[in-house]
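Undergrad: My structure is below; once you've seen it, I'll send some questions.
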């Protein structure tokens with residue numbers, strides 16, 4: 001390794017000093033996370049599986065940046081404790097699809113509650129003004145550290161279906177165990193409709209995310225957002241936001257007034273994203289048997 005400059009040594013020292021501060025302040029050095037039953041790694045795995053039911057073991061490994069053997073051993077332990085179910089993928093027997101069992105869901109609910117209380121205690125004596133400064137600083141840190149990845153992201157609207165699109169949609173189906181799936185050729189049909197579209201997100205040359213827009217024939221001036229998906233290893237770079245930006249811009253440009261979408265209660269991260277973008281709950285508008293949440297957005301409110 002090349003010799004460090006004095007400035008680089010100072011930067012590395014500052015980051016390491018901050019790491020030592022926040023790991024101790026947040027209690028990350030304790031044997032059990034939040035003084036509960038689980039290590040920090042176990043708790044994080046449970047959270048990720050709960051946020052994306054049907055997540056594959058390999059995707060979980062990529063998301064957390066952990067050794068394959070370590071992930072396998074930890075998942076085996078969580079499975080023996082009846083917190084996690086591992087099921088072989090129908091499309092790739094080498095892959096394991098992960099979902100939480102009832103005890104796992106209860107564990108995540110407890111961890112979320114304890115974590116919220118812990119952070120509340122940390123902030124108890126922090127003024128409102130300083131809290132704002134803290135949140136802005138945290139957002140800035142995250143932005144700086146992921147900036148390089150975001151610069152390499154590009155979103156492309158397809159002019160014809162391709163293998164990347166088919167694979168990503170299939171991965172989406174498996175990730176959340178979709179029952180009502182589109183027949184073969186559906187993507188090309190959507191792409192061929194001038195009032196619909198399919199977008200892929202690329203990091204470098206690799207396709208890592210997708211989203212679909214299709215016209216809603218049952219509602220005037222309305223379209224439906226479907227199949228929003230970002231591979232777990234590519235999350236944290238604002239890719240879902242970029243995909244939604246492209247979809248909504250297209251919908252607005254061709255004259256749609258509303259974008260509808262459906263989801264289900266277990267997809268908390270997705271629902272939070274939609275709310276952040278201005279989507280509000282509405283009445284059921286389709287016959288999707290798995291959907292429990294229905295939302296729509298007035299495109300003119302974001303114009």
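Nothing in this text is a laboratory measurement; each read-out follows from the coordinates by a stated rule. Quick caveat, the model's predicted, so the values are computed rather than measured. Positions of Cβ are backbone-derived with ideal geometry, glycine not excepted, and every protein chain shown enters the neighbour counts.
Undergrad: Restricting to the chain, what percent of DSSP beta bridges are antiparallel, rounded to 5?
TA: 90
Undergrad: Over what distance in Å are the Cα centres of the stretch 145-207 and the stretch 39-106 separated?
TA: A separation of 25 Å, based on Cα centres.
Undergrad: Additional query: Name the most mobile residue of 69, 36, 197, meaning the one with the largest mean-square fluctuation, in a Gaussian network model of the chain with Cα contacts below 10 Å.
TA: 69
Undergrad: So what's Rg/Rh here for the stretch 6-149, counting alpha carbon atoms and using the Kirkwood radius for Rh?
TA: The Rg/Rh ratio comes out at 1.03.
Undergrad: Still on this model: Round to the nearest 10 and give me the degree value, 0 to 90, for the angle of helix 128-151's Cα axis relative to the longest principal axis of the chain.
TA: 70
Undergrad: Mind pulling the angle between the C-alpha long axis of helix 68-80 and the longest principal axis of the chain? Nearest 10 degrees, somewhere in 0 to 90.
TA: 80
Undergrad: Could you list, bin by bin from short to long, the percent of Cα-Cα pairs of the stretch 54-111 in 5 Å steps?
TA: So the P(r) values, bin by bin, are 4, 20, 26, 28, 18, 4, 1.
Undergrad: Connecting C-alpha atoms closer than 10 Å in a GNM of the chain, tell me which of 210, 167, 225 has the biggest fluctuation.
TA: 167
Undergrad: Can I ask one more? So how tilted is helix 239-253 from the main axis of the chain? Cα-based, degrees 0 to 90, rounded to 10.
TA: It works out to around 30 degrees.
Undergrad: Starting from the Kirkwood Rh over alpha-carbon pairs, what translational D in µm² s⁻¹ does the stretch 96-224 have by Stokes-Einstein at 37 °C and 0.692 mPa s? Kindly include the intermediate steps, with their values, before the conclusion.
TA: Numbers: Rh = 19.1 Å.
D, rounded to a whole number, is 172 µm²/s.
Undergrad: Further question on the same structure: How large is the helix-only mean residue ellipticity at 222 nm for the chain, computed as the sum of -39500 (n - 2.57) over DSSP H runs with n ≥ 4, divided by its residue count, in deg cm²/dmol to the nearest 500? Each step should come with its number before you reach the end.
TA: Values: 10 runs with 143 residues, N = 303.
My calculation for the chain gives -15500 deg cm²/dmol from helical runs alone.
Undergrad: A further question follows. Could you tell me what % of all Cα pairs in the chain have separations over 37 Å?
TA: Here the tail beyond 37 Å accounts for 23 percent of pairs.
Undergrad: Quick one: pull the percentage of alpha-carbon pairs in the stretch 163-303 with a separation above 25 Å.
TA: 21
Undergrad: Report the antiparallel proportion of the DSSP beta bridges in the stretch 220-303 as a percent, rounded to a multiple of 5.
TA: Working: 8 of 11 bridges.
Close to 75 percent.
Undergrad: Turning to a different aspect of this structure: How would you rank 6-17, 172-183, highest first, on the average number of other Cβ atoms within 10 Å across their residues?
TA: In descending order of packing, they fall as 172-183, 6-17.
Undergrad: I've got another one for you. Running a GNM on the chain with Cα contacts under 10 Å, which residue among 206, 25, 215 ends up with the highest mean-square fluctuation?
TA: Looking only at 206, 25, 215, the biggest GNM fluctuation is shown by 25.
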